[in-house]
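Derivation of every value follows stated rules applied to the coordinates shown; laboratory data play no part. Remember, predicted model here, so these are calculated numbers, not experimental data. So basically every Cβ, Gly included, is an ideal-geometry build from the backbone, and we count neighbours across all protein chains shown.
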Amino acid sequence: MKKQQYIAAVACLVAGAIGFAGVYATEKGQERKNNQQNIAQETQQTSPASYEVVPKKTVEKEKKVTVVKKDETKSVAEEKKSESAEKTKETAAKQNTLHFQKENAVWPIEGDILLDYSMDTTIYFPTLEQYRCNPAMVIGGQVNDKVLAMTRGKIMQISENEETGCTVRQDLGDGYTAVYGQLKEVNFAEGDMVEGGQVIGYVNEPTKYYATEGSNVYFSLEKDGTPVNPKDYLPEMAMNTLE
């Protein structure tokens, strides 16, 4: 009987030891498992984040540098293009800017001065049979004779006038304007640039205001809208004046 009790007691101790060992092992295993999970979580939270942030900043920095360089290149190119355009405009403006070229002036036609310029005193107009001031020169010529541009200038206006017939106004630059009257078959249009000595048109039959004087070219020169003596701006030439 005692022997059986002893055996039973030993069996209980062994079972208890085994059970304790099993519980201990389970707890340790769970602890290791928890530790591993914690480590894994910390690794996921720390390592990947630091891995992503650093390259991202680097990429952004590289992108910024690239953009700046592109913008700088574009800015330089645009600046050069703008400068080139400005130079082109300046060159075109200089070419189109008119300056009165007195030194290159020529007579519009060679002929007798039928009625001279006179704004200080009156002169006699045979057809009108009256004395009046004359803001132009009336130069005799034959019908169909060539009429030349006094100097380089732009055709401002081509019009019909009762007194001077077909009349051309030419901008010579610097406020000077040449006026050619009693013309026909004008070779240019308004806005055209004409060089000095080019044929503007031809002498026409005189209007009723110059029937007695005969066919002629009405020629006047203005400075800022005020008539000036054309002979002061033309080369000297032997001309006869109608008496």
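Below is a table of values for the structure above.
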{"item": "Estimated distance in nm for a label pair at residue 77 and residue 103, the labels positioned 7 Å out from Cα along Cα-to-Cβ", "result": "4.6"}
{"item": "Across 184/223; 146/208; 154/208; 102/223; 87/223; 146/184, pairs whose alpha-carbon gap is larger than 20 Å", "result": "184/223; 146/208; 154/208; 87/223"}
{"item": "For peptides 173-182, 138-147, sequence by mean Cβ density within 10 Å, most packed first", "result": "173-182, 138-147"}
{"item": "Extension gain from residue 130 to residue 205, taking 0.36 nm per residue of separation minus the Cα-Cα distance", "result": "24.8 nm"}
{"item": "Mean Cβ count within 10 Å, highest first, over the residues of peptides 118-124, 155-161, 218-224", "result": "218-224, 155-161, 118-124"}
{"item": "Of 209, 165, 183, farthest towards positive along the dipole that unit charges on Lys, Arg, Asp, Glu beta carbons give segment 155-243", "result": "209"}
{"item": "Sites residue 122 and residue 232 - FRET efficiency at Förster radius 22 Å, r taken between beta-carbons, to 0.05", "result": "0.65"}
{"item": "Stretchable slack from residue 184 to residue 145, in nm (0.36 nm times residue separation minus alpha-carbon distance)", "result": "13.0 nm"}
